[in-house]
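Okay, so here's the structure we're looking at.
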Amino acid sequence: TATNRYRPDTFDIAPWQTTRLLMALLFAHCQNNPDQRLFEAVQNLEEVLAKGRLRRKSEVVEIDTGEKGKLVLYHEVLKRAQQALIERGFLKGKADGQYGPKTRAALEAFQQSEGLRKTGLPDQETLFKLLLEKDVAPPGR
């Protein structure tokens, strides 16, 4: 994106968010702010995303999802998710950006506590709840 290219200190403005999630966030924002012009809404979303951007390149982690193949996520994003799980009391130890049995169990416990589908994976809904929900209006389901 242009943001990744021209915003200083930015490698990836949306390091884990899918296009579908970004559109849902934009739609929710527009519903809550019907008088705001589209470019202002997009700019607002960019500012929210900037808080969680990747400032530099990060290695990727491949997580086997079973039947659905692999989930590919930046190491730094998984580390941030682990830190959020630690801060909320779901994971003990230090965030290391590695996906293993403890991280999976912590994600499952968090998902159950939030009423999410219990996958044990750092999926879009889970990452949204862990890393972004406090900053935006939740998208419709």
Note to self: Can you return the aspartates and glutamates within cross-link range of K118? Criterion is Cα-Cα under 12 Å, with same-chain partners fewer than 8 residues away left out.
What the structure shows: E108
Check: How long, wide and thick is the stretch 2-55, going by the Cα atoms along their three principal axes, in whole angstroms, largest first?
Finding: 32, 19, 16
Next item on the list: Loop only per DSSP, at most 16 neighbouring Cβ atoms within 10 Å: give me the trypsin sites (Lys or Arg not before Pro) in the stretch 33-90, ordered by residue number.
Entry: R37, K51, R55, R56, K57, K68, R88
Next item on the list: Mind checking the stretch 1-69 for GluC sites (Glu not before Pro) that DSSP puts in a loop (not H, G, I, E or B) and that have at most 14 other Cβ atoms within 10 Å?
Entry: E59, E67
Notebook entry, point to check: Of the residues Q111, Q17, Q36, which exhibits the maximal mean-square fluctuation in a Gaussian network model of the chain defined by a 10 Å Cα contact cut-off?
Noted result: Q36
Checklist line | Cα gyration tensor category, rounded, prolate or oblate, for the stretch 60-134 with a/c compared to 1.5 | finding: rounded
Next item on the list: Pairs to check: K68/K102; K68/K134; K94/K134; K68/K92. Give those whose C-alpha atoms are more than 26 Å from each other in this structure.
Entry: K68/K134; K68/K92
Notebook entry, point to check: Just the Cα atoms of the chain: what Rg and Dmax do they give in Å?
Noted result: 15.6, 47
Next item on the list: Please give the FRET efficiency for T3 paired with L38, using the beta carbon to beta carbon distance and R0 = 22 Å, rounded to the nearest 0.05.
Entry: 0.85
Item checked: Order by protection proxy (mean Cβ within 10 Å, highest first), peptides 4-13, 123-132, 20-29 -> 123-132, 20-29, 4-13
Notebook entry, point to check: Farthest toward the dipole's positive end in the chain, which of V48, F27, Q112, given Cβ charges of +1 (Lys, Arg) and -1 (Asp, Glu) about the Cα centre?
Noted result: Q112
Check: Suppose every K and R has +1 on its Cβ and every D and E has -1 on its Cβ; what is the size of the dipole of the stretch 27-102 about the Cα centre, in Debye to the nearest 20?
Finding: 360 debye
Next item on the list: Quick one: what are the phi-derived ³J(HN,Hα) couplings along the stretch 50-59, Karplus 6.51/-1.76/1.60 with θ = phi - 60°, whole Hz, x for glycine and proline?
Entry: 4, 4, x, 5, 8, 7, 9, 4, 10, 5
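Values in this text are rule-based calculations from the coordinates and carry no lab data. Keep in mind that what you see is a predicted model, and the values were worked out from it rather than measured. For neighbour counting, all protein chains shown are included, and Cβ atoms are generated from backbone atoms with ideal geometry for every residue, glycine included.
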